[in-house]
Amino acid sequence: MPRLSRRAFAASAFAAPGIAAAQPLAVPPGMLAQGGPVDVPYGQPAATEAGVKRRPRAGPGYAPLLGTAGSSLTPLGDLDGTITPNGLHFIRHHAGVPAIAPEQHRLVVHGLVDRPLVFTMDQLRRFPTVSRLHFLECSGNTPFYQQARIRPDWTVQDTHGLLSCAEWTGVRLADVLAEVGLKPGARWMLAEGADAAAMTRSIPVAKALDDAMLAWGQNGEALRPEQGYPLRLFLPGYEGNTSVKWLRRLKFAESPFMTREETSKYTGLMPDGTARQFNFTMEVKSVITRPSGGQSMGPPGFREITGLAWTGRGTIRRVEVSTDGGATWQDAALQEPVLSKCLTRFRLPWRWEGGPAVLLSRATDSTGDVQPTRDALVAETGPNFVYHCNAITAWRVAPSGEVTLAV
Amino acid sequence: MRYDLMLAGLLLAAPAAAQQGPLGLGTPASPAEIADWDIDASPDGAGLPPGRGSVAEGAVIYAARCAACHGPRGTEGAIAPALRLAGGIGSLATPRPVVTVGSYWPYATTLFDYTRRAMPFDAPQSLTPDQLYAVTAHVLHLNGLLPADAVLDAESLPRIRMPNRDGFRPVRGAE
């Protein structure tokens, strides 16, 4: 019997699938000897998952300035479910990650209060605690306003990776504020970080008394340093920068403090030259994470389309998916539990026949808000708005199976 | 019975409770204790420290500590366009708006506040109040908003009316 070359063997197998005899499966070598040690103090992902990692957005102008002021994005296309592993939670800092000894950390609460107080971490941990699952999204996520800057090779990490979700544990801010006693005129709260930017935002007191938390826990362990260790403010549904990290001070006043981060930055410039200010709540949004940019379909056949939907205004009510660029839409299944101000995983079974396709998702939230097209959003805000882009994202599937961004 | 006794004990303790919140957690914070942390300055001038500085003094500080990133005249944005500090006044409603302190920022106090807390980038909170007033004055001068012989202090800084003072619209619900 003549020996077949590898290439010829592969060709014959392709031509007559199921007829060529399969090679016997090798016994995995790991079954033939003892494996790695049990005493692993802090577990790490499998070595072969090393490619699942954070990185800055691809393209000029996205590398962190001087290494400390910038962002690094969550690899959403590589993740399942809705919870972001702590080491992959997106990062956005204005002046690097401070090293803070928790026993040295203090939170000062003052201004228009009856009893200005300073808290140690131990004192904060004596309050009744609460754990809640919430997304956090940077208001600069998904930079689609400037058509010329959108890159077809962007992955969902590039387009949406300033988005993560975790179980946050801490105390209700309202309970802490009961200790200081807000004076009647206290309408705004300045939150200040202990980083080299002394990051500051003014927050309406109504939000502080509603669902705001002071958080020290992230998915069951202490906050990671880049998430504000040992203490951060957490404002569910609000743009990420308002959840001030390394929180050291809360000050109450009648009026907003007009910090740099709520005047010069995080304001939306409209075509008439005016700007929207105090645009806190992240709007209804969704994105398909699989198949998505940079992925390859493989051979035609059954595929599940899956992605994430979220809204800062409440819960996701509906996600529709189109595989034909928006000509027709189907309702996707929503993974329970569907929680308020939390990521919701959606899924739709699909059979890819090997032809071109354009995949879209469109979310509707509990207030009835529907995710807009990019054209509709830019028609409202103009191209220089920068923040709060919640436009529908399109992924183009080529007959080759390659997936690219098609916004 | 025990609960009643406990409640009675709490009621007896009520006068002391006025000095405390419902859980009695936290430690009183005196103004002296938090003075070095209380660094915010508001548009009405609240929080501005005593001190004074001139445009000319600010030019020296700016050249030494600011120009490397922001550019010698503040119009360059030496290492990134977002670091431009000057120019662009009147450009916000054009297709290519130039967003700077002069063209966009609504309050001069914000420039002082941000410089005080976060600048220079490699040595935040290192400038004295006099130096902060001086460098603030110089950046405003680079934008044509102060004459070359101007001096700023806690009285004069909040009185500066920035060109885009009325350019911001709070989103409904934020109030």
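The values are calculated or read from the model by the stated rules, or taken from the named source; none is laboratory data. No experiment lies behind these values; they were computed from the predicted model shown. Positions of Cβ are backbone-derived with ideal geometry, glycine not excepted, and every protein chain shown enters the neighbour counts. The area values use the complete protein model at the heavy-atom level, side chains included, leaving out ligands, DNA and RNA. Shrake-Rupley method; radii C 1.70, N 1.55, O 1.52, S 1.80 Å.
The set of residues from the range A:241-259 being within 22 Å of A:F90 (Cβ to Cβ) and open to solvent by 10 Å² or more (accessible area, probe 1.4 Å) comprises A:N241, A:K245. Taking the criterion of being at the interface with another protein chain (Cβ under 7 Å from one of its Cβ atoms), assigned to a loop (DSSP other than H, G, I, E, B), farther than 17 Å from A:M199 by Cα and without any contact (Cβ under 8 Å) to a residue 60 or more places away in the chain, the residues of the range B:21-46 that qualify are B:G21, B:P22, B:L23, B:L25, B:G26, B:A29. Taking first residues from the range B:147-172 that are among the polar types (S, T, N, Q) and partners that are open to solvent by less than 30 Å² (accessible area, probe 1.4 Å), the Cβ contacts under 8 Å between residues at least 6 apart in sequence or on separate chains come to B:N164/B:L92; B:N164/B:S103; B:N164/B:Y104; B:N164/B:W105; B:N164/B:P106. Only one entry of B:L152, B:L146 meets the criterion of being buried (at least 19 other Cβ atoms within 10 Å of the Cβ) and either acidic (D, E) or in a loop (DSSP other than H, G, I, E, B) (or both), and that entry is B:L146. Within the range A:24-81, the residues that satisfy the criterion of being among the small types (G, A, S), surrounded by 15 or more Cβ atoms within 10 Å (Cβ to Cβ) and within 22 Å of A:L308 (Cβ to Cβ) are A:S71, A:S72, A:G77. If you go through the range A:300-318 one residue at a time, do you hit one that is of a type in the set (S, T, Y), open to solvent by 30 Å² or more (accessible area, probe 1.4 Å), over 17 Å from A:R347 (Cα atoms) and touching a residue at least 60 places away in the same chain (Cβ under 8 Å)? The answer is no, given that none of the residues of the range A:300-318 is of a type in the set (S, T, Y), open to solvent by 30 Å² or more (accessible area, probe 1.4 Å), over 17 Å from A:R347 (Cα atoms) and touching a residue at least 60 places away in the same chain (Cβ under 8 Å).
Within the set B:L85, B:L92, the sole residue that is within 18 Å of the chain's Cα centre (by Cα) and either surrounded by fewer than 23 Cβ atoms within 10 Å (Cβ to Cβ) or more than 30 Å from A:R313 (Cα to Cα) (or both) turns out to be B:L85.
B:Q131 meets all of the listed conditions (1) open to solvent by 60 Å² or more (accessible area, probe 1.4 Å); (2) in a loop (DSSP other than H, G, I, E, B) but one, namely (2). Of note, B:R116 does not satisfy the criterion of being over 23 Å from A:T274 (Cα atoms), out of contact with any helix residue (DSSP H, G or I) (no Cβ under 6 Å at 6 or more places or on another chain) and touching a residue at least 12 places away in the same chain (Cβ under 8 Å).
Scan the range A:148-161 and tell me whether some residue there is in a strand (DSSP E or B), open to solvent by less than 20 Å² (accessible area, probe 1.4 Å) and at pLDDT 95 or above. No: zero hits. Of the strands (runs of 3 or more DSSP E) lying entirely inside the range A:67-130, those containing at least 3 residues that are touching a residue at least 24 places away in the same chain (Cβ under 8 Å) are A:91-93, A:106-111.
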